[in-house]
Every structure is written in structure tokens, then in C-alpha cells.
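Just below is one structure, and these are the notes that go with it.
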Amino acid sequence: LSATRQRFLEHLAGLPTDVNVANGFFSGDAFVHPEFGLRLEFPAGWQQRNTPSSAIAAAPDGAAALILSLAAEGDDPLAGARQMQKEVGNGLVAQTERLTIGSLPAAHTAFRARGERGDLGLDVTWIAYGGRVFQIAGVTAAQNFPSFQKPFTTTRDSFRVLTPAERDAVRENRLKLVEPRAGESADALLARTGSAWKAAMLAVANDLAEGAPLPAETLKVAVPEKYE
């Protein structure tokens, strides 16, 4: 345990304050993963969710979903199909076709599977990049499959490698410790430090009364920094 408030704050300095971009993040309709060096465009207006194991987008009415995940290691996209075949049964690899997405080796298949509420239509693509095989799976009720074929295909075809400029532009909000100047307002402190927070968030994060004069003590702010 830290013996003083100052020592405790020093342990917090540098920590991400909201999204940990190392796990990937959504930027508009795109999912960006700087560690894996990839970008994927999901359909506009779909509900988004990022988990430790997958990035998910669901149609507004919940009728379909697209899921990006890591399927296998290696440089052969069929390794993903072999892994899924263990779950859905023999024959999947045989009906999978090889293709190229961008300049990357890929494999694709579409099939039906039995779900808890009836037959499902699945459109699955595996893409090999950087020693990993990524899986993009589109899922909907079998009878709705033709209606979602276009967004499934458009999404999988959007998979690409991040450019050096895109990777360099990734920012992450991190905690920084600052000392208020005499008579400095919350808005002035936030502007001086380039913080991503508003005055209300500064107050909450530092257990202050919003609008009250800033105390003469070290405060926490969130500052956008280049992701390393």
C-alpha cells in the first residue's frame, strides 16, 4: 500500500483512462487493432461491442451479427476452417474455397447450422496475416441469409493492414499528474495540459466540487498520447 496520497497517484500515472487501445477499438464504423495491425469496416449503424476475444457488430434489429476473432496461428487460412470443423463436423474444409482479400491469403465458406431457435445461415472468412488467422463470421437466420449477404461480403472485403501513418496516428488517453497554478480555473488547467476531459470529469476524478476553486495539490487529468 502507498504511504501517502502522492505516492498512490504516482502509481496511477500513465494508466489508460477509458479504452485500452491495445485490445483494439472502434473508430466510427471501423474496428482498428494497432497490436495486430489491422482495420475492418463494419456496416454503418450497426451496434458495436468490443470484448477481449472478439469485435462484434449487430444489425439494429438484432437480425444479424458480424464477429471478428482470432481463429488460429500460422499463415494458412484453412487452419481456421480446420478449427471450426471440429465444432460443426466433417466436410467444412472440403467446401471451403481459397481466395485473396487485398493481398492477403484467405478462405471462405457459407453453410447452414442448427441453432437453438432454428437454422442459421453462416458466412465465414479466414484471413492469414502476421502469423495469425483471423475469422470474420456473419450470422443470421437461414431465411434472412440472402438479405445480409451484401453486408457480410462488404465487411470481409474491407479487411486490410493498417498503414504506418494510421498506426502512428493512434492515440490513447492516459492519466497525467499536474499541479494547478495559483488562481487557475478547471477549464484553464484542462486547456493548458491538453486534457481530453471536461471540467465535470476533472471534478469527479479528483473528488472535487464542480465549480469550486482548485486545491493546491496534485490532480489527475487525462491526456491523449501517442500509442506505443
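The values are calculated or read from the model by the stated rules, or taken from the named source; none is laboratory data. Small disclaimer: the values here were computed from a predicted structure and weren't measured. Glycine also receives a Cβ, built like all others from the backbone with ideal geometry; neighbour counts cover every protein chain displayed. Just the protein is used for accessible areas: all its heavy atoms, side chains included, with ligands, DNA and RNA removed. Shrake-Rupley method; radii C 1.70, N 1.55, O 1.52, S 1.80 Å.
State yes or no: is Val161 touching a residue at least 24 places away in the same chain (Cβ under 8 Å), among the hydrophobic types (A, V, I, L, M, F, W, C) and closer than 30 Å to Val124 by Cβ?
On the way: touching a residue at least 24 places away in the same chain (Cβ under 8 Å): yes; among the hydrophobic types (A, V, I, L, M, F, W, C): yes; closer than 30 Å to Val124 by Cβ: yes.
For Val161, the condition - touching a residue at least 24 places away in the same chain (Cβ under 8 Å), among the hydrophobic types (A, V, I, L, M, F, W, C) and closer than 30 Å to Val124 by Cβ - is met.
Given the criterion over 30 Å from Phe111 (Cβ atoms), at pLDDT 95 or above and of a type in the set (D, E, K, R), identify the matching residue among Arg167, Arg156, Arg181. It would help to see each step written out before you state the result.
Values: Arg167 fails: at pLDDT 95 or above; Arg156 fails: over 30 Å from Phe111 (Cβ atoms).
Criteria check complete, one pass: Arg181.
Which of (1) free of Cβ contacts under 8 Å to residues at least 60 places away in the same chain; (2) open to solvent by 30 Å² or more (accessible area, probe 1.4 Å); (3) under 18 Å from Asp76 (Cβ atoms) is the odd one out, the single condition Thr153 does not satisfy?
(3)
For segment 1-86, which strands (runs of 3 or more DSSP E) that fit wholly inside it have 3 or more residues that are closer than 17 Å to Tyr129 by Cβ and hydrophobic (A, V, I, L, M, F, W, C)?
On the way: elements: 25-27, 30-33, 38-41, 47-50, 54-58, 64-73.
Counting at least 3 such residues, we get 30-33, 64-73.
Quick test for you: out of Gly115, Gly74, Gly102, pick the one residue that is small (Gly, Ala, Ser), modelled with pLDDT under 95 and under 24 Å from the mean Cα position of the chain (by Cα). Write out each step before concluding.
Details: Gly115 fails: under 24 Å from the mean Cα position of the chain (by Cα); Gly74 fails: modelled with pLDDT under 95.
Matching residue, one of Gly115, Gly74, Gly102: Gly102.
Looking only at segment 88-95, decide whether some residue is open to solvent by less than 40 Å² (accessible area, probe 1.4 Å), without any contact (Cβ under 8 Å) to a residue 12 or more places away in the chain and over 23 Å from Gly28 (Cβ atoms).
Yes, because at least one residue in segment 88-95 is open to solvent by less than 40 Å² (accessible area, probe 1.4 Å), without any contact (Cβ under 8 Å) to a residue 12 or more places away in the chain and over 23 Å from Gly28 (Cβ atoms).
Return the only residue of Leu9, Leu40 being touching a residue at least 12 places away in the same chain (Cβ under 8 Å), within 25 Å of Ala165 (Cα to Cα) and not basic (Lys, Arg). Reasoning before the result, please.
Numbers: Leu9 fails: within 25 Å of Ala165 (Cα to Cα).
The conditions single out Leu40.
Give me a count of the residues in segment 109-144 that are without any contact (Cβ under 8 Å) to a residue 12 or more places away in the chain and open to solvent by less than 10 Å² (accessible area, probe 1.4 Å).
0
Regarding segment 16-39, can at least one residue be identified that is modelled with pLDDT of 90 or more, basic (Lys, Arg), open to solvent by 90 Å² or more (accessible area, probe 1.4 Å) and out of contact with any helix residue (DSSP H, G or I) (no Cβ under 6 Å at 6 or more places or on another chain)?
no
Give segment 62-85 a look and list any residue that's open to solvent by less than 40 Å² (accessible area, probe 1.4 Å), in contact (Cβ under 8 Å) with a residue 60 or more places away in the chain and under 17 Å from Asp123 (Cβ atoms), or say none. Working first, answer last.
Start the filter on segment 62-85 by keeping residues that are open to solvent by less than 40 Å² (accessible area, probe 1.4 Å), which leaves 63-66, 68-69, 71-72, 74, 77-81, 84.
Now narrow it down to the ones that are in contact (Cβ under 8 Å) with a residue 60 or more places away in the chain: 63-66, 68-69, 71-72.
Within segment 62-85, Ala63, Ala64, Ala65, Leu66, Leu68, Ser69, Ala71 qualify.
Go over the candidates Gly194, Gly211 one by one and state the one that is more than 21 Å from Gln6 (Cβ to Cβ) and either among the aromatic types (Phe, Trp, Tyr) or exposed (fewer than 11 other Cβ atoms within 10 Å of the Cβ) (or both). Don't jump to the end; show me each part of the working.
Working: Gly194 fails: either among the aromatic types (Phe, Trp, Tyr) or exposed (fewer than 11 other Cβ atoms within 10 Å of the Cβ) (or both).
Gly211 is the lone residue from the list that is more than 21 Å from Gln6 (Cβ to Cβ) and either among the aromatic types (Phe, Trp, Tyr) or exposed (fewer than 11 other Cβ atoms within 10 Å of the Cβ) (or both).
For the condition within 17 Å of Val161 (Cα to Cα), of a type in the set (D, E, K, R) and touching a strand residue (DSSP E or B) at 6+ places or on another chain (Cβ under 8 Å), what is the one hit in Asp75, Asp18?
Details: Asp18 fails: within 17 Å of Val161 (Cα to Cα).
Asp75 is the lone residue from the list that is within 17 Å of Val161 (Cα to Cα), of a type in the set (D, E, K, R) and touching a strand residue (DSSP E or B) at 6+ places or on another chain (Cβ under 8 Å).
Which of the numbered conditions does Ser147 fail, given that it passes all the others? Conditions: (1) more than 24 Å from Asp75 (Cα to Cα); (2) buried (at least 20 other Cβ atoms within 10 Å of the Cβ).
(2)
Among residues belonging to segment 94-116 that are out of contact with any strand residue (DSSP E or B) (no Cβ under 7 Å at 6 or more places or on another chain) and not in a strand (DSSP E or B), point out the one that is nearest to Ala79 (Cα to Cα). Don't jump to the end; show me each part of the working.
We begin by selecting, within segment 94-116, every residue out of contact with any strand residue (DSSP E or B) (no Cβ under 7 Å at 6 or more places or on another chain); these are 94, 103, 114-116.
Filter once more, so that each one left must be not in a strand (DSSP E or B): 94, 103, 116.
Working: Ala94: 13, Ser103: 18, Glu116: 27 Å.
Filtering first and then ranking leaves Ala94.
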